[in-house]
Amino acid sequence: MSIEFQVEAHAGAARAGRLLTPHGEIETPVFMPVGTVATVKGMPQDVLEELGVQILLGNTYHLYLRPGVETVRKMEGLHGFMAWPRAILTDSGGFQVFSLNELRKVTEEGVTFRSHLDGSSHFFSPESAMQAQIGLGADIIMAFDECTEYPADRARTQASMELTLRWAERSKKYFEEHKHEVPWGSFQRSAFSAQQTKIPRFARNDKLGKARNDEEEGGGNDESNEGHTQSLFGIIQGGMDLELRKESAERTIEIGFPGYAIGGLSVGEPRERTREVIEATLEHLPADKPRYVMGVGTPEEIAEYASLGVDMMDCVLPTRAARHGLLFTSEGKVSIKQSRYTQDAGPLDPNCGCRVCQRYSRAYLRHLYASNEVLAQVLNTLHNLSFYLDTMRRVRHSIRLGEESRFL
Ligand SMILES: [Zn+2]
């Protein structure tokens, strides 16, 4: 088994459901925190579990360069290496290589690029990107694509889309031939079985009641992963051209994947355009497969995209902004570095139940940030992630109540 997706409730175009993976269940729509180099910066894995993170994202480009795929593979993949028993998704490296700009060269065969770490030369092809992602061992991996730059004219956008389609076929072919090489071993059955008992395993999720019983009994989760495999998602490109998006969707679906991502957004286009492309592309994606929009957005945007029918999203914004002292709250954005908070005894967000808002004052958070203390990054990240995850929790709740507009 690889994944299974069940839509359980609708509210307008929005849907709430469950995505079952070999490493646990994910309630959708879901926000996936980004753990670029096998860490969500500043957050220990047990804190992520406490926050209710069910899936996180790793970046193939970064992990390939350091510590290297072979190291991660020998540690039973990312799950074993970073001691994370829940689900993981890796990107293909395509977007990261794209953002290197001057340091890359694209041919039919693949992309030659230089490492941002030491300038050394490397090559990614659909095949080698699949090989890397199989070695990293995430539950969901992504086809190797070319992210079309913005702006781009129609001819350029079409050529880029066609290249992504050819690469999608090559990605799938390599994946199908090599997916049995995923390095999942004894990880779930050994040192982490205590945590794992709280997570309904894929094989036990056919009946929720049974999963619940197993949880109450507190264990017995000794099944092996034999027979479980990764899932490869396809990526829709086509720039900002809605006709090309439609064609890309139809032809990617023809190749056939268990889930589809909308890529090539958040590349500098206006936000209204992002929304328009998402809405138009979603129309052409199958309703019974998970739909993933890559690299978005603000708390308002992820709620909005969920209302359009998106099931999965990821973004570095909550974690990156936190490290720059920018905090998302129920009362709007707070730049904690501002001197107006120097003697502010109130909580960061009076409506937030996270342990930062329960315990510390704005004055203290401001002091930690101004003093460049490590704890500032930890607490700021914890709150921002908490706020994003709570936003999606509210969205899921609203969808299940059938209240389409309440979360916007
Ligand atoms: Zn908080």
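What follows is calculated from the coordinates using simple rules that are stated; it is not laboratory data. Remember, it's a predicted structure, so these values are computed and weren't measured experimentally. When we count neighbours, we look across all protein chains shown, and the Cβ atoms used for this are built from the backbone with ideal geometry, even at glycine.
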Past 30 Å, Cα to Cα, is the threshold; run LYS105/LYS333; LYS105/LYS173; LYS246/LYS333; LYS173/LYS289; LYS289/LYS333; LYS41/LYS246 against it and keep the listed order.
LYS105/LYS333; LYS246/LYS333; LYS289/LYS333; LYS41/LYS246
Please give the contour-minus-distance gain from LYS173 to VAL316: 0.36 nm per residue of separation, less the Cα-Cα distance, rounded to one decimal in nm.
48.4 nm
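What number in nm² do you get for the chain if you take the convex hull of its Cα atoms and divide its surface by four? It would help to have the intermediate numbers written out before the result.
Working: hull surface 78.9 nm².
Over every viewing direction, the Cα hull of the chain projects on average to 19.7 nm².
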Return, ordered by residue number, the residues of region 296-313 whose backbone nitrogen is under 16 Å from a label point located 7 Å along Cα→Cβ of GLU279.
301-310
Comparing SER92, SER330, SER231 in a Gaussian network model of the chain (Cα, 10 Å), the one with the largest mean-square fluctuation is SER330
Which residue fluctuates most in the GNM of the chain (Cα springs below 10 Å): ILE255, ILE88, ILE141?
ILE255
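Would you mind computing Rg(Cα) / (2.2 N^0.38 Å) for region 22-97, counting N as its residues? If you can, show how the numbers build up before the last one.
Details: Rg = 12.1 Å, N = 76, 2.2 N^0.38 = 11.4 Å.
Dividing the Cα radius of gyration by 2.2 N^0.38 Å gives 1.06.
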Size of region 300-365 along its principal axes in angstrom, Cα-based, largest extent first?
43, 22, 17
Throw me the Rg/Rh for region 290-408, computed over C-alpha atoms with Kirkwood Rh, two decimals.
1.02
Residues with amide H under 5 Å of ASP91's amide H, sequence separation 5 or more or different chain, H placed in the peptide plane at 1.01 Å from N; which?
GLY58, THR60
Inverse of mean 1/r across different Cα pairs in region 39-151, Kirkwood, Å
14.7
At 0.890 mPa s and 25 °C, Stokes D of region 111-176 from Kirkwood alpha-carbon radius, µm² per second
186
Rounded to whole Hz, the Karplus (6.51, -1.76, 1.60) HN-Hα couplings of region 315-324, x for glycine and proline:
6, 7, 4, x, 7, 5, 4, 4, 5, 9
